[in-house]
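> Handing you a structure now.
The values are calculated or read from the model by the stated rules, or taken from the named source; none is laboratory data. Only a predicted model underlies this, so the values are computations on that prediction, with no experimental measurement involved. Counting neighbours? That spans all protein chains shown, and the Cβs are built from the backbone with ideal geometry, glycine included. Only protein heavy atoms, including side chains, enter the accessible area calculation; ligands, DNA and RNA are left aside. Shrake-Rupley method; radii C 1.70, N 1.55, O 1.52, S 1.80 Å.
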Amino acid sequence: MSDGRLTLRDGRTLAWREYGPADGTPLLRFQGTPGSRYSRYPHEESYDRLDVRVIVFDRPGYGASSRLPGRGVAVVADDAAELLDHLGLDAVHAIGGSGGGPHVLALAANHPERVRAVTVVVGGLPLEEDDIGGLIELNRDAWYAARRGWDAMHELLVPIREEILADPLAGFRATMDAAPESDKAVMADAHWQRVFVEDITEAFRPGAEGWADEAMALNMEWDFDVAALRCGVTWWHGEHDANVPIAAVRRLLERMGGVDLRVWSDAGHLEPFHRHDEILEELLAR
């Protein structure tokens, strides 16, 4: 593992971390929301087995990266392109999970020359009110808060951050109240728990402001044209995802066209934990 800092053109700090062999195939990984550069697959030896160099960075306001109030999604794609410049990488495979999904799509749309192929895993997306009835309570509340503005979102997230920091596992389980049993089984795995605690503790270290900024960006219309994507995209999703409903995914993909949607019939939002190697092998083969 290696940890780095980059001063971006606008003076902000971007923090990143790398996993796997330094000479492996570069893979830019956009973690879920909330999350930090400590996000990774708990069985890190898989990166050696797959010969993949995984690069993960803190988005604005998380971990050691500077906050950018009022940000959208597209600026994170610009930050990613700067990081690739700094690392001397022209084009990479890229993957985004949950809240990282929109950010990897923005990279592919706005910087198409930087991506070889893209994978979205249980990706977040703008929802309509009819979509939110069966979601976890936090995501329902965040949808309404986004329509009242940043202050309402911040007010919602501050106590949740405090509860999770006080007891990360219990706090997260409480937010996943409507999750299917398959997700609850993942949350009981000791390896998953180890990385989750490291990841969320670092993500929340600066405060709830970065989380609120990102929640606003994800819950409103995106500031990039998703129809502009020209590279190959595979999208994996669980039929019973209680964080991001599959019906909304299918609606978005009608606008995008050409996306390979792969649905896990009996799974929820945390299913990628069980499918890690399958997902990466498919992406790296493109």
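> Looking at H103, G133, H154, which one has the Cα that reaches farthest to the positive end of the dipole of the stretch 93-164 (charges on Cβ: Lys, Arg +1; Asp, Glu -1)?
H103
> Largest first, how would R173, R53 line up by accessible area (1.4 Å probe)?
Largest accessible area first, the list is R173, R53.
> If r is the Cβ-Cβ distance from R5 to D130 and R0 is 45 Å, what FRET efficiency results, to the nearest 0.05?
About 0.55, to the nearest 0.05.
> Could you calculate the contour length gain from D266 to E163, that is, 0.36 nm times the residue separation minus the distance between their Cα atoms, to one decimal place in nm?
Taking 0.36 nm per residue and subtracting the Cα distance, the gain is 34.1 nm.
> Here's another thing I want to ask about it. Roughly what would the spin-label model give for R67 and R286, points 7 Å off Cα along C-beta, in nm?
3.6 nm
> If the chain between I246 and A81 were fully stretched, how many nm would it gain, using 0.36 nm times the residue separation less the Cα-Cα distance?
Here the segment from I246 to A81 would lengthen by 56.4 nm.
> Need the full-extension length gain, A190 to L89, defined as separation in residues times 0.36 nm minus the C-alpha distance. One decimal, nm.
Gain in length upon complete extension: 32.9 nm.
> To the nearest 0.05, what FRET efficiency results for R49 and E254 with a Förster distance of 25 Å applied to their C-beta separation?
Once rounded, the FRET efficiency stands at 0.10.
> I'd like the Karplus ³J(HN,Hα) series for the stretch 9-19: coefficients 6.51, -1.76, 1.60, θ = phi - 60°, whole numbers in Hz, and an x wherever there's a Gly or Pro.
Each residue's phi maps through the Karplus curve to give 4, 8, x, 5, 9, 10, 9, 9, 9, 10, 10 Hz.
> Principal axis lengths of the chain from Cα atoms, whole Å, largest first?
43, 41, 39
> Further question: Could you please report the charge total around D23, scoring K, R as +1 and D, E as -1 over all other residues with beta-carbon less than 14 angstrom from its beta-carbon?
Summing Lys/Arg as +1 and Asp/Glu as -1 gives -2.
> Once R0 is set to 30 Å, what does the formula 1/(1 + (r/R0)^6) return for the Cβ-Cβ distance between A178 and A22, expressed as a FRET efficiency to the nearest 0.05?
Efficiency, rounded to the nearest 0.05: 0.15.
> Under a point-charge model restricted to the Cβ atoms of Lys and Arg (+1) and Asp and Glu (-1), what is the dipole moment magnitude of the chain relative to its Cα centre, in debye to the nearest 20?
500 debye
> Hey, another quick one. Sort T119, T33 from largest to smallest accessible area, using a 1.4 Å probe on the heavy atoms of the protein chains.
Descending order: T33, T119.
> Another question, then. How big is the charge dipole of the stretch 105-254 about its Cα centre, in debye rounded to the nearest 20, if each Lys and Arg gets +1 on its Cβ and each Asp and Glu gets -1 on its Cβ?
480 debye
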